[in-house]
Amino acid sequence: MKIFLIFKLGINEYITGLKNYQSWFFLGYHEILLKYRRSILGPIWSTITVTLLIILLSFLWSKIFSLKLDLYVPYFSIGYILWIFFSNTLNEACSVLSENTTIIKQTNIPVLSFSLKLLFKNIFLLAHNFIIIIIVLLLFCDVYLIDLLVSLSFLILMFVFLTNLSVFISIVSARFFDFSQLVINLIQLAFFLTPIIWEPSFLGDKIWVTQLNPLYHWFDFIRQPLIGGDISNLSLAVIISTLISSFILAIFSIGLSYKKIPLWL
């Protein structure tokens, strides 16, 4: 019965946060303005930096791995840009509540709103970097509309997945300060364990190791339709299961921390 009440409370707060779109939209938009208020190019600087990194690292890694440049550039650029979005969102989730302590203590804004604010800001930055992906696809790939729609649909699911994870990480980080360091270190480690700069085929008969990494399935399902690759039923199953699991984590963390977060900050 207690679990049911916690779940119900979490669901109600989750729905309230979704409905309260004015708050997270305003907070996210305001944060973007503050971050780039004295910059002429604003977030375009990030796009320029990512472009230079992709050009330099594509030449470097394609030589190291003995891969054709026209095949490696789309693979690496899509994966790397998605990784920047993914890692930035989760890293910033560790401190999103502590950075908004004053607002949390003076208002009744649902905790979900702060994760949505964070996601809104990073989607805005992703949209600028997505220009790079479009250029790369036009130069190196033949993309059909159906493939683009499939990729974008799972990108939207990633938005939901990251929102749920951000809620869980932000709440636990507010309660246990050391948890944020654990998350940051795990994300750094995950970059090297996830096929972003390398391909699963490099592992030979040990390719099954990548199947154990849920992030591999998320990135692969978004990337493969754009570069003409195949997607597996296993990846679809992993995506659905991790999406449901992240939602349950978010709901229970909200329910368990209801009215307690201002006391932790």
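Summary of computed values
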item	result
For the stretch 2-264: lysine pairs under 25 Å (alpha-carbon distance), excluding those fewer than 8 apart on one chain	23
Selected from Ile134, Phe114, Ile169, residue furthest toward positive end of dipole (the stretch 2-264; charges at beta carbon)	Phe114
√(5λ) per eigenvalue of the Cα gyration tensor, the stretch 80-152, largest first, Å	34, 12, 9
Listed residues Ser87, Ser166, Ser115, most fluctuating in the chain (Gaussian network, C-alpha, under 10 Å)	Ser87
Dipole in debye (nearest 20) - the chain, about Cα centre, beta carbon charges: Lys, Arg +1; Asp, Glu -1	960 debye
The chain, relative contact order [Cα under 8 Å, separation at least 6], %	32 percent
Under the span-like rule (Cα at least 15 Å along the axis, Kyte-Doolittle mean at least 1.6), DSSP H helices of the chain	44-64, 111-140, 145-175, 179-193, 233-256
Simple Cβ-charge dipole of the stretch 90-241, Lys/Arg +1 and Asp/Glu -1, about Cα centre, in debye nearest 20	540 debye
Cα centroid separation - the stretch 172-211 against the stretch 67-110, whole Å	15 Å
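Each reported figure results from applying straightforward, stated rules to the coordinates on display, with no laboratory input. As the structure is a prediction and not an experimental result, all values here were calculated from the model. Virtual Cβ from ideal backbone geometry, glycine too; neighbours counted across all protein chains shown.
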